[in-house]
């Protein structure tokens, strides 16, 4: 991930009758953006096709996170402004309880790689207090494993698309991820779900929003542990 900017705190788009406009979902052309060669052509397509959807998700999901966390959240849509040669391989909107940025804080992300959508909780390498979070998590590992469904995936690196389902983790592997987070400066931990680009739920925008809301609520215990 690269730079981001705080998305405007705007209300969700509405229809003529005042009801919230349905989220349009994601199409195959959205994922095909990441196959476009060259920084400028890919960024042009990303800005035109995907960014408006991420901004809309920001306005839809942020209020729920603010309620669940008991503090105001802010959406941060990736701008990729520091890129000068290599085009982005993924893009996202991050949600954090800080108006200026998210990388130094525990946060949530919704975004796309060319292969899938991700909805996840993240503590990345820049996060302050991650060692304390990891120490607390290691003490409560059984509770974490009980709270987080086995179908949710875990990763120690936000720069790669792959992750491992909880059901596929080897004995002690989750403890190792948190142990590395505690002791290695560059370590990270991410947990959430991946939705394959061909999954029908992505075509049903409102079903996707409902799923995203369900996921962030499920992940909220990790956030609370990280910020306490």
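All of the numbers you see were taken from the coordinates with simple rules; none came from a lab. Source: prediction; values computed, not measured. We place every Cβ from the backbone using ideal geometry, glycine too, and count neighbours over all the protein chains shown.
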For residue 35 and residue 143 in one chain, what is 0.36 nm times their gap in residues minus the Cα-Cα distance, to one decimal in nm?
34.8 nm
If you find the alpha carbon centre of the range 71-146 and of the range 189-203, how far apart are they in angstrom?
16 Å
If packing is taken as the mean number of other Cβ atoms within 10 Å per residue, what is the order of 129-137, 154-162, highest first?
129-137, 154-162
Calculated from DSSP H runs of 4 or more alone, at -39500 (n - 2.57) each and per residue, what is the 222 nm mean residue ellipticity of the chain, nearest 500?
-11000 deg cm²/dmol
How far apart, in nanometres, would the label points at residue 71 and residue 176 be if each is projected 7 angstrom from Cα along the Cα-to-Cβ direction?
3.3 nm
Relative to the chain, whose Cα atoms define the longest principal axis, helix 205-227 and its Cα axis are tilted in degrees, nearest 10, by 30 degrees
Read-out semi-axes √(5λ) of the Cα gyration tensor in Å, candidates [x] 25, 21, 19; [y] 34, 19, 17; [z] 28, 20, 18; calculated match is [z]
Using Cα pairs under 8 angstrom and six or more residues apart, how large is the relative contact order of the range 20-227, in percent?
24 percent
Using the basic label-point model (7 angstrom from Cα toward the beta carbon), what is the residue 183 to residue 203 distance in nanometres?
4.9 nm
Please list, in order, the residues from the range 87-107 whose amide nitrogen is less than 17 Å from a point placed 7 Å along the Cα→Cβ vector of residue 132.
97-98, 104-107
Compute the helix-to-body angle for 173-183: its Cα long axis versus the longest principal axis of the chain, expressed 0 to 90° and rounded to tens.
90 degrees
